[in-house]
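All remarks here apply to the structure that follows.
The values are calculated or read from the model by the stated rules, or taken from the named source; none is laboratory data. The structure displayed is predicted, hence computed values, not measured ones. Cβ placement follows ideal geometry from the backbone for every residue including glycine, while neighbour counts extend to all protein chains displayed.
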Amino acid sequence: MATTLQIKRENGKIFCPLTNSWHIETPEEKVRQEYIKILVENYSYSLDQMAQELKVTNSQRGQGKARADIVVWKSKADKDASKAAFIVVECKAENVRIREEDYYQGYNYASWAGASFFVTTNEKETKYFNVDKDYLPKELVEVVAIPTAEESLVDKKVKEILGKTKTFTREDFTKMLRPCHNIIRNNDKLSPEAAFDEISKILFMKIRYERDKSGSEVFTLKKFKQLEADYEQYTRPTLKRQGIDLPYMQILFIDTKDKFKEDHLFDENDSIKIRQNSFEQILEKLQVYNLSDTQDDVKGIAFEQFLGTTFRGELGQFFTPRTIVDFMTHVLDPKEGEIICDPTCGSGGFLIKAFEYIREQIEEDIKVEKARLRAEIEGDHYDELSEKEQLAISEHIEEMQTALNRELDTQVEGSRMYHLSRDCIYGTDANPRMARTSKMNMIMHGDGHGGVHHHDGLLNVNGIFEERFDVILTNPPFGSRIDKSQKITEADRFTDEVLIAKYREKYGEAYDEALKQVNDHIGKTLLSLYDTGSMSGLTEVLFMERCLRLLKKGGRMGMVLPEGVLNTSNLQKVRDYFEGRAKIILICSIPQDVFIAAGATVKPSLVFFKRFTEEEERQYAECKRKAYLECYEQYKVEADKLLADHQALVDAGKSRSKGAKAIRSRLDAIASAATEDAKPLVKEYFDYEIPVAKIDDAGITSTGAASSGNQLPALEEEYAKYRRAKNLWDESKKSVSYRQGNLGEIIRVENGREVTLHGNN
C-alpha cells in the first residue's frame, strides 16, 4: 500500500515535516509542501531522505549562496554522509507559467548540489530537467519525468530516464493527429470534417483535464479507465435513478462543454459521436503529450497544419498559407496596444499570427526588463554582502521575476497579455464551423479567441464596428457577388441584452451607433449599406470598403485580392472611391500556385492600404478642389453665360420651364466633365510612390507543400527599410517601462500611468 502524507493547516500556518515546525502558509510554502506530498505518495521517497531550504554555495557572482527549496537524496545514508544530492526542486508561488530565463538560478542550485535532476513547479505546471554537473547550460534539456525511489537505485534506469528528453515538435504532434483522424474514418465512417470535429472534442477534453490538474497529471488511457471504473461503481447507478444514463466518455465531454461554455466551441446539444473503442485508441495515441504545458507554438501550429490538411478540399478557401500570413503581418508590423481585426477570419490564421507577433514583442521586453532590474537589485557590491543579505536579494529578485511573469499570463487581469488577448484581437466568419474552429485554433496557440464571432463580416457585431481598428489583415471571399435582393433581416439583429449591456459599458456611445447599422436597416438591401454597393456587387469590393470603414484614420490594412481588381475599366469608379480615402502602400504579385491547393482559380495579389489621416484628408480635398477649378476654367465662359440665363428665367418665374431644366442639365454636364478632366491632375498634385513587387516563389507549391526558394522574407526586410525611411505611418509603440518603488515593489509605467505589480498572489 502506498504511503500517504497528510498536509496539516492551522491558523494560517502549514506544518513542514522536513523541519518539524509550523511555517506561515505563504503561496510558495503551500506549493512546496504539496510537492513534498507528491514525492512521498507518487514517487515513494521518504521524508528522511529529503531536506528543505538546504544551503548550496558557489563563487559565481550573483549566486554566491542560496537555499534550495527541496533536496532529495537516493537514500537516507547518502543524506547523512553529505553525498551529492539526486533531485533538487525549485518551487515557485505564482499561478503563472515560469519563463525559461527563470529556470537557470534553480538549475545552478541543482548543479552545485551535485544533483542529476532539477525540477521546477508552481501552481500551474511542473517541469523536469537533466542536470549536466560539469557545465553551466546554454539551454536547458527537459526530460519527461524523474525516477521513483525504487528506480533511483538502478543506474541503468536512471540513465534511461535522463535520456528521455522532452523534445516534442509540431511535426511529431501533427503526425500523431493524422492516425487519430484515420481511426475515426476507418472505425466510424465519418467525413473528414466530422472526424476533425470529434478529434477536436477529445483534444479539448484532454486540455480541460490537464489544466484542472495544474499540469501535474496527464490524461492517459489508464487514467480514463480508472475514472470510468469509479463512475460505473459509484456515480452511474445514482444518475440512472434520476433518469440519466450516459457512459463516462459523454459525462467528460459534458464537463468540457461546460468549461468552454462562454467560448461557444461546441453546440449545446453536441455529444461524442464515435465509438468508445475509437475514443480509447485516440486517447492512447495522445497520452504522450501533456497539453497543459506543451508549448503554444508546438500544439498550435500542429493543430493548424492538421486543420489545413483536413479541410483542404471542401473548405480550402478558409485557409491562407502560413508564408502569406507571416509576410503580410510582418509588412504591417502590428504593435502592442494596437487593435487588430479580420472580418473574414476563416481558421484564424491572421489573428493568430498577429497575436503571436505582439506576444513575442512583449516577451522580449519582459526578458530585457528582468535582466536590467536584476542588475539593479544586485548592485555593484553583491559579492561583499553577507549570506543573509544575499538571500534577501535573491528573494527580492524572485519577487520581481514573479511580478513580471504575471504580465505574460492571459488569465491575470490587467496584465499586458490579458489586454492583448481580450481587447486587441477581433474577427468574424459567416461559416459557423469555421468560427468555432478559429476559436479552437487560437486557444491552441495561446489565446485571443474571445473577440471572434460567427457573424456576417459585412455587418457590425459586438466590438467590430467602424473606425475601431489600427490594423486589418484579411483574405476576403472574392469571385462572387452579393445579390441585389439580399436583405438585412431580423435574424441579423443582435438581441442578447446581457451582452449588449456589457459591450455598451465597454465601448460607450460608439456601440449604440454601431448597432444602428443593422437595427435601422432591417428590410433594406445589404448593398444599400455601402457606397460601392451602387458601383459593384463583387464581394472583394464590398469587403475593401468594409475594411476601410473599420480602420481608424491613419490605420493600415493588408488584403489578398484578385490581381488587377482596381485596374479593370469597369471598376474605375471603385478605384476612384478608394484613391480618395486611402493610400496604396504596397502591391505584391504572387504566383497563382499559392492558392491552387485551396481551390482558387484566380491569380492573387497582396494589396496594402493606409487610410488617410485627418491631415491627408485635408490635403486630398485641397488637391481635388485645386484640380477641379483649373479644369473648370475651360468651361467658365459658357458656364457663366448659362448661369446668367438661368437666373433670368428664375427672375421671370420660369424656373420649372424646359429651358431652365436644359440649362441645369448642361451645367451638371460641365461639372461632370471638369471633375473627370481633373482626375489626372489630382493624382499629380496628390502624388505619392506606390511600391510594386513581383514574387515568383512564395514558399508554397501548387500541392500545398513548402518550396525552398521563398522570396517573401527578403521582400519583407527590404520593405521594412523603405517604410521607415518614408515614414509611411506612425511607428511609435505603446510606451511601457518598469521601476522599483520605495518598498522594492515593481511598478509598471505605461504612457505616464503607474500600476503596482504583485508577485505572490
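Side notes on the structure shown:
- Qualifying residue in region 16-24 (condition: in a loop (DSSP other than H, G, I, E, B), out of contact with any Asp or Glu (no Cβ under 8 Å at 6 or more places or on another chain) and in contact (Cβ under 8 Å) with a residue 60 or more places away in the chain): no
- For region 573-594, a tally of residues being part of a loop (DSSP other than H, G, I, E, B) and either basic (Lys, Arg) or under 23 Å from PRO321 (Cβ atoms) (or both) returns 4.
- The sole residue among LEU561, LEU542 that is out of contact with any strand residue (DSSP E or B) (no Cβ under 6 Å at 6 or more places or on another chain) and either of a type in the set (Gly, Ala, Ser) or crowded, with 21+ Cβ neighbours inside 10 Å (or both) is LEU542.
- Some residue of region 297-319 being at pLDDT 90 or above, part of a helix (DSSP H, G or I) and either farther than 19 Å from LYS733 by Cα or out of contact with any strand residue (DSSP E or B) (no Cβ under 7 Å at 6 or more places or on another chain) (or both): no
- Residue that is farthest from ILE161 (Cα to Cα) [pool: residues in region 113-133 that are in a strand (DSSP E or B) and modelled with pLDDT of 85 or more]: THR121
- All told, ARG436 falls short of being closer than 19 Å to THR756 by Cβ and not small (Gly, Ala, Ser).
- Test: residue in region 27-44 that is farther than 26 Å from GLU378 by Cα, at pLDDT 90 or above and in a loop (DSSP other than H, G, I, E, B): yes
- Filter result for ARG618 (within 29 Å of LEU538 (Cβ to Cβ) and without any contact (Cβ under 8 Å) to a residue 40 or more places away in the chain): no
- Flag if ALA66 is under 23 Å from GLN52 (Cβ atoms), modelled with pLDDT under 85 and either of a type in the set (A, V, I, L, M) or surrounded by fewer than 15 Cβ atoms within 10 Å (Cβ to Cβ) (or both): yes
- Residues (more than 15 Å from ARG468 (Cβ to Cβ) and under 13 Å from the mean Cα position of the chain (by Cα)) located in region 330-344: GLU336
- Against the conditions (1) assigned to a helix (DSSP H, G or I); (2) modelled with pLDDT of 95 or more, ASN570 satisfies every one except (2).
- GLU363 being of a type in the set (Asp, Glu), closer than 16 Å to ILE746 by Cα and in a helix (DSSP H, G or I): no
- Residue within region 683-700 that is assigned by TED's automatic domain parsing to the domain that holds ASP470, surrounded by 15 or more Cβ atoms within 10 Å (Cβ to Cβ), without any contact (Cβ under 8 Å) to a residue 12 or more places away in the chain and within 30 Å of VAL471 (Cα to Cα) present: no
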